[in-house]
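Novice: Sharing a structure, written as structure tokens. Questions coming.
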Amino acid sequence: MSEMSFEQMLEESFKTIRNGEVVEGTVINVKPDEIAVDIGYKSDGIIHRSEYTNEANVDLTQVVSVGDKIDAMVIKVNDGEGQVALSYKRLAAEKGNKRLEEAFENHEVLTAKVAQVLNGGLSVVIDEAKIFIPASLVSDTYEKDLNKYNGQEISFVITEFNPRRRRIIGDRKQLLVAEKAKLSEELFAKISVGDVIEGTVKNVTDFGAFIDLGGADGLLHISEMSWGRVENPKKVFKVGDKVKVFIKDINDKKIALSMKFEDENPWKDAASRFAVGTVVKGKVARMTDFGAFVELAPGVDALLHVSQIAKEHVEKPSDVLSVGQEIEAKIVEFREEDKKISLSIKAMLEPEEKEENTDDSEFADVDIEAVANEMEEAEE
């Protein structure tokens, strides 16, 4: 039997390793992009940055120090340069997969930072194990741009676990749906018609605004935004505005809101402000063939019939008036129960004596009941 050479004896003194084996070593050198590890083998092990973490551009000198103990997986016994290629990331991912498997089986809620925004979803990493959250499961509403989630911590559950096919799916949507259902139940349990509540403008449309009440959305219709006239809700509200509203009606899960608070009702003291015979100033708000509607105050409109615009015959109100024009007229009729007010410019142009003697005859050419009907039709 021949004696072994010194080199052979030295080589025999080192342990043998194979691909896939987990080895323990001591860090002997660290560079920003690689770690050298003494693993008790004839060659040192090398962990490149890409095999240490999934995070890009990490400076390894900031996370690992010489003398640290580290476990890693052998991926190549000889990397071509006489060193052993190791992976810390793959070993961590195996441990991470076990963690995710337990979370999947126990329906555990996990929280992690979004590592990457992908085409069609988000990628998050837990213990170097990657989870994909499809765009359809990121939120309970359509998300056009997912970039706002980049770097944010989000919570989710694992709904599909198949590491062999590298298919681990997370779902954030079901958590949001469940949370909203809980908040909705709590909200409906404590609110009732007439309650004043603060909300946040969630969306604005041509017909109104949807207000987030903290558990459910309520509709603030354009007609309930003010005692005055609102032409375009988008000029009054913007998304994110805080508003104080009161609940006008609750129908199943639909909530109707209003900002027409009774203490701000312009008709409260209208009887004294707009008594018959009072001369008032107002602005022409809109016109029809039979007359012009004049805004005397926000929420208080009066009709100036075409026959009362001037002493001369006027064919159409638009022949002598324009929307936005300020006019002065006398109140000749006030019907509080119907919220109807009639004006006359002609009454101001005629002698006072005649005015006193022609209470009915002066307006004999006006069918008050017919005008009232026309007003109602115009407002509809």
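Novice: Could you count how many residues in the range 186-199 are open to solvent by 40 Å² or more (accessible area, probe 1.4 Å), assigned to a loop (DSSP other than H, G, I, E, B) and either under 30 Å from Val109 (Cβ atoms) or of a type in the set (Val, Ile, Thr) (or both)?
Specialist: 1
Novice: Before we move on, is Ala112 touching a helix residue (DSSP H, G or I) at 6+ places or on another chain (Cβ under 8 Å) and assigned to a strand (DSSP E or B)? So that I can check it myself, show each step before the final result.
Specialist: Working: touching a helix residue (DSSP H, G or I) at 6+ places or on another chain (Cβ under 8 Å): no; assigned to a strand (DSSP E or B): yes.
No.
Novice: Name the residue that is farthest from Gln174 (Cα to Cα), counting only residues in the range 124-142 that are within 17 Å of the chain's Cα centre (by Cα) and surrounded by 13 or more Cβ atoms within 10 Å (Cβ to Cβ).
Specialist: Ala135
Novice: Still on this structure: From the list Val117, Val157, which residue is surrounded by 13 or more Cβ atoms within 10 Å (Cβ to Cβ), in a strand (DSSP E or B) and touching a His at 6+ places or on another chain (Cβ under 7 Å)?
Specialist: Result of the check over Val117, Val157: Val157.
Novice: Okay, next question. Can you tell me which residue within the range 47-74, out of those that are acidic (Asp, Glu) and part of a loop (DSSP other than H, G, I, E, B), is nearest to the chain's Cα centre (by Cα)?
Specialist: Looking at residues that are acidic (Asp, Glu) and part of a loop (DSSP other than H, G, I, E, B), I get Glu55.
Novice: What are the residues in the range 132-145 that are more than 20 Å from Glu179 (Cβ to Cβ) and in contact (Cβ under 8 Å) with a residue 24 or more places away in the chain, if any?
Specialist: Start the filter on the range 132-145 by keeping residues that are more than 20 Å from Glu179 (Cβ to Cβ), which leaves 132, 144-145.
Answer for the range 132-145, where residues must be more than 20 Å from Glu179 (Cβ to Cβ) and in contact (Cβ under 8 Å) with a residue 24 or more places away in the chain: just Phe132.
Novice: Related question: Does the range 75-95 hold any residues that are closer than 23 Å to Asp33 by Cβ and part of a helix (DSSP H, G or I), and which are they?
Specialist: Tyr88, Lys89, Arg90, Leu91, Ala92, Ala93
Novice: Please go through the range 200-233 and give me each residue that is over 28 Å from Ala189 (Cβ atoms), of a type outside the set (Gly, Ala, Ser) and outside any strand (DSSP E or B), ordered by number.
Specialist: Result: Thr205, Asp206, Phe207, Ile222, Trp227, Arg229, Val230, Glu231, Asn232, Pro233.
Novice: Continuing with the same structure: Among the residues of the range 176-185, is any modelled with pLDDT under 95, β-branched (Val, Ile, Thr) and exposed (fewer than 15 other Cβ atoms within 10 Å of the Cβ)?
Specialist: yes
Novice: Now for a separate question. State which residue pairs qualify: first residue within 22 Å of Ala297 (Cβ to Cβ) and touching a residue at least 12 places away in the same chain (Cβ under 8 Å) and inside the range 226-248, second residue among the charged types (D, E, K, R) and part of a loop (DSSP other than H, G, I, E, B) in any location, beta carbons under 8 Å apart, and separation of 6 or more residues or different chains.
Specialist: Short answer, once both residue conditions are applied: Ser226/Lys260; Trp227/Lys260; Asn232/Asp206; Pro233/Asp206; Phe246/Asp195.
Novice: Consider only pairs whose beta carbons are under 7 Å apart and that are at least six residues apart or on different chains; among these, list those whose first residue lies in the range 59-82 and is of a type in the set (Gly, Ala, Ser) and whose second residue is open to solvent by 60 Å² or more (accessible area, probe 1.4 Å).
Specialist: Ala72/Tyr88
Novice: Pairs needed: first member in the range 259-286, farther than 25 Å from Val196 by Cα; second member anywhere, assigned to a helix (DSSP H, G or I) and open to solvent by 40 Å² or more (accessible area, probe 1.4 Å); C-beta distance under 7 Å; at least 6 residues apart or different chains.
Specialist: Short answer, once both residue conditions are applied: Val279/Met348.
The values are calculated or read from the model by the stated rules, or taken from the named source; none is laboratory data. For clarity, every value in this text was computed on a predicted model and none was experimentally measured. As a convention, Cβ positions derive from the backbone with ideal geometry for all residues, glycine included, and neighbour counts pool all protein chains shown. These area figures cover heavy atoms from the full protein model, side chains too; ligands, DNA and RNA do not enter into them. Shrake-Rupley method; radii C 1.70, N 1.55, O 1.52, S 1.80 Å.
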